[in-house]
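J.: So that we are looking at the same thing, I have put the structure below in structure tokens.
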Amino acid sequence: TLSLHDALPICFPVTIRKVNSKHSHKAKTEKVKRSDDTSMLVFNINENRHEFEVKSNIVRPIASVTKLMTAMVTLNYDRNMSKKLHIKSAVSGSLPRTKEYTRYELLNAMLVRSDNSAAETLASDYPGGRDAFIREMNKLAFEFNMISTNFDDPTGLSSSNTASAIDIATMIARAAEYNLIREISTEKQIEIETQYRRKIRTIVLNNTNRPVLFEFDNIVVSKTGFTNYYLS
């Protein structure tokens, strides 16, 4: 869970669950007792300094935190949020595939509910398609000096989407420069209307970071991410 507090230090705890396929129960139990697999960075954005860090340079899979970069590339390409798109993705999502959605609705579903199909659809809309979109994600990371970062897809489902806690700090600080990302990512809940059998159906999507957003009222940018990676 990543959250940027207004006028407060930023905390970036990045915890990766190690699961040994042969001893999964034991590994899951050990992860609760051990803290040596955790990367953490507390960055004071006002003073531009690290207040506290643990293994902040270690490169790890970043899962759906990826979607902050997806949002930035999407907005850099086209700020027209009313353009409608069909869901173009084989991955699952929260939105029915029976209608078109505006880019604004897709951005909401992606940042609030971490919807994978919305992320893939926005990436497919990019000039040159999905491959060009991913190249732009890596290009932007390079421009941000995120030297340990690699993007392999727009969702974070790929374990090849990797970064260090320091690079994630850079990414979330950059994402905070986009008013729309700030606005959408901190919504506790959104509603999207869709038609089903001639009836208007309202889809309610809760933010994956609701506990934090309810606890603090000064969050500027928020995004969750979760992944398992397997040991041989």
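The values are calculated or read from the model by the stated rules, or taken from the named source; none is laboratory data. Keep in mind it's a predicted model, so treat the numbers as computed, not measured. Cβ: placed from backbone, ideal geometry, glycine included. Neighbour counts: every protein chain shown. To get the accessible areas, we keep the full protein, side chains included, count just its heavy atoms, and leave off ligands, DNA and RNA. Shrake-Rupley method; radii C 1.70, N 1.55, O 1.52, S 1.80 Å.
J.: How many Å² of accessible area per residue for segment 149-194, probe 1.4 Å?
T.: I get 38 Å² per residue for this part.
J.: Could you tell me how far the Cα centroid of segment 61-77 sits from the Cα centroid of segment 106-126, in Å?
T.: Using only Cα atoms, the two centres lie 9 Å from each other.
J.: With a point put 7 Å past each Cα toward its Cβ, work out how far F226 is from E183 in nm, to one decimal.
T.: Inter-label distance under the simple model: 2.9 nm.
J.: A further question follows. Ordering E100, E105 by accessible area with a probe of 1.4 Å, largest first, what comes out?
T.: From most exposed to least exposed: E100, E105.
J.: I would also like to ask the following. Can you give me the relative contact order of segment 36-120 as a percent, contacts being Cα pairs under 8 Å and 6 or more apart?
T.: 23 percent
J.: Okay, next question. Any idea what the relative contact order of segment 88-135 is, in percent, if you count C-alpha pairs under 8 Å spaced at least 6 apart?
T.: Answer for segment 88-135 is 36 percent.
J.: Would you list the P(r) distribution for segment 50-201, with all Cα-Cα distances sorted into 5 Å bins from 0 and each bin expressed as a whole %?
T.: Pairs per bin, as whole percents: 2, 10, 19, 22, 20, 13, 7, 4, 2, 1, 0, 0.
J.: So, counting K/R as plus one and D/E as minus one, what does the shell of residues with Cβ under 14 Å around V59 add up to?
T.: -1
J.: What nm distance separates the two modelled labels at M81 and R198, each placed 7 Å from Cα along Cα→Cβ?
T.: Label at M81, label at R198, 3.4 nm between them.
J.: If you don't mind, another one. In the full protein assembly as shown, how much of H86 is accessible to a 1.4 Å probe, in Å² to the nearest 10?
T.: Roll a 1.4 Å probe over it and H86 shows about 100 Å².
J.: Send over the semi-axes of segment 95-167's equivalent ellipsoid, whole angstrom and largest first, taken as the square roots of 5 times the C-alpha gyration tensor eigenvalues.
T.: Three semi-axes, in Å: 24, 14, 10.
J.: I want to check the label-to-label distance for K55 and T98. Put each point 7 Å from Cα in the C-beta direction and report it in nm to one decimal.
T.: The two pseudo-label positions are separated by 4.7 nm.
J.: Something else about it: So which of K67/K139; K188/K223; K84/K188; K88/K188 end up more than 19 Å apart, counting from Cα to Cα?
T.: Flagged as over cut-off: K84/K188; K88/K188.
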